[in-house]
Amino acid sequence: MTEMGVEAGPDGLRRCWWCLGAPEYVDYHDRVWGRPMHDERELFEMLVLESFQSGLSWLTILRKREGFRRAFAGWDVERIARYGERDVARLVADVSIVRHRAKIEAAIANAVATRELHAGGETLDALLWSFAPEPGSAPAPVSGHEIPAKTPESQSMARELKRRGFRFVGPTTAYALMQAAGLVNDHLEGCELR
């Protein structure tokens, strides 16, 4: 079993073990992961990217992130919600993204669901953050072995998202979204970015 703890990065800063394998990971760890996100467009992007990541490495998604931004109209929910079969065909042929038809169709369905939230006077921000555990309710993890793949909150979030028409966001993906968008802080004890 590996340590899965805090290690010094190339610049000497102590970081969570998982980010030290590639510069893209270090940048993501330092600038995005675990930082509270409230912007609708950013939250929608993270929700879609996390759903595309399912079954793949996060590094694959990070390396294609700009391609995703271009392919999905800069994460403009209104535009994506209007995508039709021609757009799906275009996206399935786009080598700059993950070309998985079901995930592409889920991204469009998720834009429709987000648009419906907005039409009802709600926000993705308020919906997602309603599942955030109380800050400080859990101690900082010391090892990656202490970080769960899913939690009761992520299971509840996944159920509610599904009920509202979101797709490809199960409890594990929901928890990864919670980590990425800062609803939980899973930076390890001793990580300088905690």
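No lab work stands behind these numbers, since they all come straight from the coordinates. None of the values given here were measured: they were computed from a predicted structure. Here Cβ is always computed from backbone atoms with ideal geometry, including for glycine, and neighbour counts include all displayed protein chains.
What does the charge add up to near P139, with Lys and Arg as +1, Asp and Glu as -1, over the other residues with Cβ less than 15 Å from its Cβ?
Numbers: positive: R194; negative: E134, E146, D186, E189.
With Lys, Arg at +1 and Asp, Glu at -1, the neighbours total -3.
Could the peptides 33-44, 89-100 be put in order, highest first, of the mean number of other beta-carbon atoms found within 10 Å of their residues? Don't skip to the end; give the middle numbers.
On the way: 33-44: 17.1, 89-100: 15.2.
Order by mean packing, descending: 33-44, 89-100.
Distances between every pair of Cα atoms in segment 1-105, grouped in 10 Å steps from 0 to the bin holding the largest one, split as 13, 41, 28, 14, 4 percent. When the Cα convex hull of segment 150-194 is projected onto planes of every orientation, the mean area is 3.2 nm².
Straightening the chain between A102 and V32 buys 22.5 nm, computed as 0.36 nm per residue apart minus the Cα-Cα spacing.
The residues neighbouring V6, those whose beta-carbon lies less than 13 Å from its own, together hold a net charge of -3 under the Lys/Arg +1, Asp/Glu -1 convention. Axis angle, to the nearest 10 degrees, between helix 101-119 and the longest C-alpha principal axis of the chain: 80 degrees. Principal axis extents of the Cα atoms in segment 49-194, from largest to smallest and rounded to whole angstrom, are 48, 35, 21. What does the charge add up to near F68, with Lys and Arg as +1, Asp and Glu as -1, over the other residues with Cβ less than 10 Å from its Cβ? Net of charged neighbours comes to +1.
3J(HN,Hα) along segment 66-71: 5, x, 4, 4, 5, 5 Hz, from the Karplus curve 6.51 cos²θ - 1.76 cosθ + 1.60 with θ = phi - 60°, whole Hz, x for Gly and Pro. For segment 9-123, relative contact order (Cα pairs under 8 Å, six or more residues apart, normalised by length) works out to 22 percent.
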